[in-house]
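The structure appears right after this line, and notes come after that.
No value in this document is a laboratory result; all are computed from the given coordinates. This structure is a prediction, so every number in the text was calculated from the model and none was measured. We place every Cβ from the backbone using ideal geometry, glycine too, and count neighbours over all the protein chains shown.
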Amino acid sequence: MARMSAAPDPLSGSTPVSGPLWFQLVLLRRMADHHPELVEDALRELGVDRTTMREANRRWQAMVRSPKSRGAGTRYRSVLGPPGTTGERRIGDLTFDVATWRMPLWPALRFEVLSAPGGAVWNEWLVRAPGAPAPTLRTVEDLRPWSCTVDEVARAFAPARPMEGTAPSRWGLGFSAVDAGGVRGAYVAEFTWGLLQRVRCA
C-alpha cells in the first residue's frame, strides 16, 4: 500500500460522500472478515476508524438496495467520478465496455468494471494496472494476502477452476501448486473484490 497522510473523516457532516477514498472503505469492509490487521493498517493510512468504515459500507448497501438505485455502471461513476480509462473487451461473442479507476491504497491496481451490452455490470473487481510489475508466483508460499489478483493466480497456476464465493464480492479458484519443498498439493485461493485474501488446502 502507498503511504498516505491522514485525511479528514469522509463521512462527517451531512454532505453526500463519494470518491475513491470513500469507496475504498467499502472494499476494506469486506476484506476485514479475512484480515482485520491489514485493514487496520489501511484505515490508519486513510486517517479514519472502523466506525467510519462501517458507516461507508452501510451507505453503500443502502444505495445498492434502494428502489431508486441507478444501474450499477452509473452508480460507480456517480461515486468514483469519471473513469481513468475506458475501452472495450471481447469475450466470446460479446463486446464489453471496460472502465477503470485508481485506488490510492493500491497504486499498482485499478478497480475495473466490465459492463455488458445494455449496461448491466458483468464483473467488478481489482486488477493489475497496465505496466505495473506483477508478483512472481511459483509456489503456494508466494501467494501472500493482498499481493495478487484473480487473473494473476489463474495464469500462474493454470488450469485453475473458478469457484463460487460466499458473497457477490468474493471469488474462489481451485488449483494445483507445489510448495517450497517441491511437494504438489490441491489448494483453494479466496478473493475479495478480486484481491487475494487467503489460500487453504482443498
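The distance between label points at R58 and S78 comes to 2.0 nm (points 7 Å beyond Cα on the Cα→Cβ vector). Can you tell me how the chain classifies by the Cα gyration tensor, rounded, prolate or oblate, using a/c under 1.5 as the rounded cut? It comes out oblate by the Cα gyration axes. For region 140-201, what does the alpha-carbon gyration tensor say about shape, rounded, prolate or oblate, given a ≥ b ≥ c as the root eigenvalues, a/c under 1.5 as rounded, and a/b over b/c as prolate? Prolate, since a/c reaches 1.5 and a/b exceeds b/c.
Residues D179, D97, ranked from the fewest to the most other C-beta atoms within 10 Å, line up as D179, D97. Each label was represented as a point 7 Å from its Cα along the Cα-to-Cβ direction; for C201 and R102 these points are 4.4 nm apart.
On full extension, the segment bounded by E37 and L94 gains 16.5 nm, given 0.36 nm per residue less the C-alpha separation. In percent, rounded to a whole number, the relative contact order of the chain is 15, using alpha-carbon pairs under 8 Å and six or more apart. Rounded to the nearest 0.05, the FRET efficiency derived from the C-beta distance between S147 and S66 at R0 = 25 Å is 0.10. Given the rule -39500 (n - 2.57) for each run of at least 4 DSSP H residues, summed and divided by the residues of the chain, what is its mean residue ellipticity at 222 nm, to the nearest 500 deg cm²/dmol? Taken over the chain, the calculation gives -8000 deg cm²/dmol. Computed about its Cα centre, the charge dipole of the chain is approximately 400 debye, with only Lys, Arg, Asp and Glu carrying charge at their Cβ. Each Cα pair under 8 Å and six or more residues apart adds its sequence gap; the mean of these over the residue count of region 126-199 is a relative contact order of 33 percent. Taking amide H as placed 1.01 Å from N in the peptide plane, H34 has no amide H partner under 5 Å among residues 5 or more places away or on another chain.
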